[in-house]
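Novice: The structure is given below, and queries will be raised subsequently.
The values are calculated or read from the model by the stated rules, or taken from the named source; none is laboratory data. Since this is a predicted model, take the numbers as computed values, not measurements. Reconstructed Cβ throughout: ideal geometry from the backbone, glycine too, with neighbour counts over all protein chains shown. These area figures cover heavy atoms from the full protein model, side chains too; ligands, DNA and RNA do not enter into them. Shrake-Rupley method; radii C 1.70, N 1.55, O 1.52, S 1.80 Å.
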Amino acid sequence: MKKIKKKYKVSKFEKLIYFLAILLLVLSPIAIVFSKATLSQINFEVEKQKKEIDEQKKTNESLAMAIDELASLTKIQEVAEEQGLSYNNNNIKTIEDNK
């Protein structure tokens, strides 16, 4: 007696499922690598922006110190003397508030 082999036919739906499974297995590592690369690039840009912010803060602090120095009483008196102005206490009048 001969054994009769039944040939199993793969339907179109099964072919589609197999194709999608293989496609998923191939594309998922590619997608993971792409997303990691994108995340790395974004992190690099964030660090660059943080560095620029720190540099700008240092510049702002030095400018604030320069403003404070130029607005000091001694500097104002120095500039006033250079411009020919003088301090005369007799010209100062005090007004009192009688409320």
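Novice: Does region 1-51 classify as rounded, prolate or oblate by the C-alpha gyration tensor (a ≥ b ≥ c root eigenvalues; a/c under 1.5 gives rounded; else a/b over b/c gives prolate, otherwise oblate)?
Specialist: On the way: a/c = 14.28, a/b = 5.51, b/c = 2.59.
Here region 1-51 falls in the prolate category.
Novice: Could you pull out every one of the aspartates and glutamates with an alpha carbon less than 16 Å from that of LYS58, ignoring same-chain neighbours closer than 8 positions?
Specialist: Answer for LYS58, where 16 Å is the Cα cut-off: ASP68, listed by chain and number.
Novice: If I fit a long axis through the Cα atoms of helix 12-70 and take the longest principal axis of the Cα atoms of the chain, what angle between them do I get, 0 to 90°, rounded to 10?
Specialist: 10
Novice: Highest mean first, how do 85-96, 63-74 rank when packing is the count of other Cβ atoms within 10 Å averaged over residues? Can you show the working numbers first?
Specialist: Values: 85-96: 6.5, 63-74: 9.6.
Final packing ranking: 63-74, 85-96.
Novice: Roll a 1.4 Å probe over the protein chains and send me the accessible area per residue for region 1-93 in Å².
Specialist: 105
Novice: Let me check I've understood the local charge: for TYR18, count other residues with C-beta under 15 angstrom from its C-beta, Lys and Arg +1, Asp and Glu -1. What total comes out? Walk me through the numbers on the way to the answer.
Specialist: Details: positive: LYS9, LYS12, LYS15; negative: GLU14.
Around TYR18, the surrounding residues sum to +2.
Novice: With N set to the residue count of the chain, report its C-alpha Rg divided by 2.2 N^0.38 Å to two decimal places.
Specialist: Normalised Rg, Cα atoms only: 3.21.
Novice: Projected onto the charge dipole of region 16-73 (+1 at Lys/Arg Cβ, -1 at Asp/Glu Cβ, origin at the Cα centre), which of ILE42, PHE19, ALA64 gives the Cα projection farthest towards the positive end?
Specialist: PHE19
Novice: On a 0 to 90 degree scale, rounded to 10, what angle separates helix 73-82 from the longest Cα axis of the chain?
Specialist: Computed tilt is about 60 degrees.
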